[in-house]
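Below is one structure, written out as structure tokens; the observations come after it.
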Amino acid sequence: MFTKSFLKKIAQTEKVSLEFLERQMALGRIVIPLNNTRELDKPAAVGKGLKVKINTNLGTSTAKNDISEEIAKLNIAIEAGTTTVMDLSVGDDIAKMRKEIIKLSSVPVGTVPIYEAACAAENNKGNFEKLTFKDILAVLRRQAKEGVDFFTIHAGILRDTINILSETKRTCGIVSRGGAILTRWMYVNRKENPFYENFDKILDLAKEYNITISLGDALRPGAIADATDQLQLAELNVLGELVKRCRKNGVQVIVEGPGHVPLNEIAFNIVLEKKICHNAPFYVLGPLPTDIAAGYDHISSAIGGAIAALNGADFLCVVTPAEHLRHPSIDDIREGVMASRIAAHSVDILRFPDEMQKDNDLSLYRAHRQWDKIFPLTLNPEKAKSYRGGEKSADKLCSMCGNFCSLKIIEKCNLLK
């Protein structure tokens, strides 16, 4: 699948042994999303014993269809430190958008193929309810040939699950776009989920191009009141079955997770996924521990993401301040990536002792107010510099304490290093 020299570079980047990397990949606990038709400047491994990774979602919508703006977001996300990106476009020219992202991205690129398939059916047949698996497979194959590294496949939501939804009402119903599309399709056509029924064909294609399957959580809770309910758990059990089928067929697989989850249920959700899904890498969409943080959901997500990662989540999805409100701006993307990086780093320093060295160095420089040495160690040096820029006080003090700076006072006692 991958050459020894390639894996050696990944192991060095991750600061683990080659033997550890190969063993965990063989067990399915680590994946490297990378289509075999291309090479990447910044390939990434995701999973057990590695640094926490983050993904940033991009793409046009039916209301916002500016490809150039999405490319600007791609560049900002990579500059800010995202591990991967996903193109979630549903605008006018999905293929053009995806091709541009694949061409310009130095990090792995993922998609949600049901979006393009549904949009094509709307345009060509008048309604996505007329979609066939033949249509879906054509989209999957086209995206595979173009170089997509990982697919989100919503194969875990079944007709039986819809019956549960009709009997057990949810506060927010189904908040997954792919989940809603497939639910409507199954409801109208009275047929089983085409992704589930044809999963082996999808695996054949994924194996041909070495595409990682990300098992989408179509029934993730979109409100903390819906967390860890019967619907979510029913889908999770199906995803556990699909993980085994992926591994049996030699296809790399990760599992997507909730959603909106109260703080006291986050750890349980991670442990549960690892148990039911056979320790597959876990990609969490947040989780958001509160529903009322509109405008600040990137902060809510960072709180939930840190707790999730502390308990074993491997991959965090960037949530921006625009979540639930609008299509994100370039600045929203930057803020969202930074929030996720803070969450990831707060756990990485516990997993890898040398990851804390930057924190230790920065604190030492801060104690002596050595600003020029502080800035390069921050997550966003330019923002730190801009905040510091107007400070002109003597002895490089900041305006918070001024002459009563605690560090300046203690310095006179010879208590600093």
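Worth pointing out:
- Residue count for the stretch 238-262, restricted to those that are β-branched (Val, Ile, Thr), assigned to a loop (DSSP other than H, G, I, E, B) and either within 19 Å of the chain's Cα centre (by Cα) or not assigned by TED's automatic domain parsing to the domain that holds residue 155 (or both): 1
- Filter pass, residue 298 being within 19 Å of residue 262 (Cα to Cα) and either surrounded by 23 or more Cβ atoms within 10 Å (Cβ to Cβ) or not assigned by TED's automatic domain parsing to the domain that holds residue 90 (or both): yes
- Being at pLDDT 85 or above, touching a Lys or Arg at 6+ places or on another chain (Cβ under 7 Å) and within 23 Å of residue 217 (Cβ to Cβ) holds for only one residue in 352, 315, 375, and it is 315.
- Of everything listed in (1) assigned to a loop (DSSP other than H, G, I, E, B); (2) in contact with a His (Cβ under 6 Å, 6 or more places away or on another chain), the single unmet condition for residue 178 is (1).
- For the stretch 22-80, a residue qualifies if it is in a helix (DSSP H, G or I), closer than 24 Å to residue 379 by Cβ and among the aliphatic types (A, V, I, L, M), and the qualifying residues are 71, 72, 74, 76, 77, 78, 80.
- Residue that is surrounded by the fewest Cβ atoms within 10 Å (Cβ to Cβ), among those in the stretch 52-83 that are among the polar types (S, T, N, Q) and over 13 Å from the mean Cα position of the chain (by Cα): 68
- Every residue from the stretch 150-174 that is assigned to a loop (DSSP other than H, G, I, E, B), in contact with a Gly (Cβ under 6 Å, 6 or more places away or on another chain) and modelled with pLDDT of 95 or more: 154, 157
- Hits in the stretch 292-312 (condition: touching a Gly at 6+ places or on another chain (Cβ under 7 Å) and not hydroxyl-bearing (Ser, Thr, Tyr)): 298, 304, 305
- Test: residue in the stretch 122-137 that is within 20 Å of the chain's Cα centre (by Cα) and in the same structural domain as residue 33 (by TED's automatic domain parsing): no
- Any chance residue 337 is within 17 Å of the chain's Cα centre (by Cα) and either part of a helix (DSSP H, G or I) or crowded, with 17+ Cβ neighbours inside 10 Å (or both): yes
- Test result for residue 30, surrounded by 22 or more Cβ atoms within 10 Å (Cβ to Cβ) and at pLDDT 95 or above: yes
- Scanning the stretch 273-295 for residues that are modelled with pLDDT of 95 or more, touching a Ser or Thr at 6+ places or on another chain (Cβ under 8 Å) and closer than 20 Å to residue 229 by Cα, we see that the one that is surrounded by the most Cβ atoms within 10 Å (Cβ to Cβ) is 287.
The values are calculated or read from the model by the stated rules, or taken from the named source; none is laboratory data. Everything numeric in this text was worked out from a predicted model, so none of it was measured. Note that each Cβ is placed from the backbone with ideal geometry, even for glycine, and that neighbours are counted across all protein chains shown.
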